[in-house]
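The structure under discussion appears below in the form of structure tokens.
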Amino acid sequence: MGIPVKLQAFEGPLDLLLHLIEKNKVNIYDIPIVEITNQYMEYISRMQSENLDVMSEFLVMAATLLDIKSRMLLPPEVTEEGGESDPREELVQKLLEYKMYKYMAGELRDRQEDAAFHYYREPAIPEEVLAYREPVELDSLLDGVTLQGLHAMFRDLLRRQENRVDPIRSRFGTLRREEVDLGETMRFVERYIVEHGNCTFRELCRLRGGKMYGIVTFLTLLELMKEGKAEVSQEGTFADIYIRYTGKEGELNTLTGDYD
């Protein structure tokens, strides 16, 4: 029966790598990848963990180390700048970032522990001191103030007040809601198209005023086109839109009653 060995717990594969680098007292910018990889593989071979997620992280790092080890046996790759790329560069950057975060976490933990031993006394200022207000001397307050200076301050105050006003929205009048009977308007537009047979969209819009009427007219036209009862043509951009009724004359009563 073998002697049980208790392994040191690490927070992750980077923590283990950093421990091995510090233990072997090697330069983090020049990691002896062969030696570190062998020690890393020896450690994870002795790991006994039921947490598959944790083990998978260590195994991924092991595969990364083996990949770096194999790439270092090959001739070095040449970068676009003409230099030789180091397969360990990305791993070194990750270790430096992890080392910085680990150091900052330790600093914050130490500060939290030190703060537990500090106690602060609540303020106990007498009410008389809190209620005290320094007297105002009008002579010293108005010292150096001239009529010209007061006038300049007044103009500056008015200018600030004017800047707060939106020059565009302030000129808007009262916005009134247009009351439009949707069903009646659609019947009116449809009846006009059916009775005239041919007309223009501009002609329809001139029958009544208001933006809502124009919108409803456009929707009515789209509905007639959808049902195949109207055709629309336009010779060019921004030219008049010509409307031709293509339905049957006998359908007038049916059509005008569909929008109730």
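The values are calculated or read from the model by the stated rules, or taken from the named source; none is laboratory data. It should be emphasised that the depicted structure is a prediction, and the values quoted were computed from it without experimental measurement. Cβ atoms come from the backbone with ideal geometry, glycine included; neighbour counts cover every protein chain shown.
Does Asp67 satisfy the criteria of being surrounded by 10 or more Cβ atoms within 10 Å (Cβ to Cβ) and among the acidic types (Asp, Glu)? The answer is yes for Asp67.
Close Cβ contacts (under 6 Å, 6 or more residues apart or on different chains) running from residues in the range 201-226 that are within 15 Å of Asp181 (Cα to Cα) to residues that are of a type in the set (D, E, K, R) comprise Gly210/Glu178; Met212/Glu178; Thr220/Glu190.
Taking residues in the range 24-46 that are without any contact (Cβ under 8 Å) to a residue 60 or more places away in the chain, and partners anywhere that are surrounded by fewer than 11 Cβ atoms within 10 Å (Cβ to Cβ), the pairs with Cβ atoms closer than 8 Å and at least 6 places apart or on different chains are Arg46/Val5.
Going through the range 177-223 one residue at a time, which ones are crowded, with 17+ Cβ neighbours inside 10 Å and of a type in the set (Lys, Arg)? The answer is Arg187, and nothing else.
What number of residues within the range 227-238 are outside any loop (DSSP other than H, G, I, E, B) and either touching a residue at least 60 places away in the same chain (Cβ under 8 Å) or acidic (Asp, Glu) (or both)?
First, pick out the residues of the range 227-238 that are outside any loop (DSSP other than H, G, I, E, B): 230-234.
Filter once more, so that each one left must be either touching a residue at least 60 places away in the same chain (Cβ under 8 Å) or acidic (Asp, Glu) (or both): 231.
Residues that pass the stated criteria total 1.
Does Leu74 count as out of contact with any strand residue (DSSP E or B) (no Cβ under 7 Å at 6 or more places or on another chain), of a type in the set (A, V, I, L, M) and over 14 Å from Pro13 (Cβ atoms)? So Leu74 fits the description; yes.
The listed residues are Leu59, Leu95, and the only one of them that is in contact (Cβ under 8 Å) with a residue 24 or more places away in the chain and hydrophobic (A, V, I, L, M, F, W, C) turns out to be Leu95.
If I filter the range 230-260 down to residues being within 52 Å of the chain's Cα centre (by Cα), at pLDDT below 85 and of a type in the set (Asp, Glu), which single residue comes out as farthest from Thr200 (Cα to Cα)? The qualifying residue farthest from Thr200 (Cα to Cα) is Asp260.
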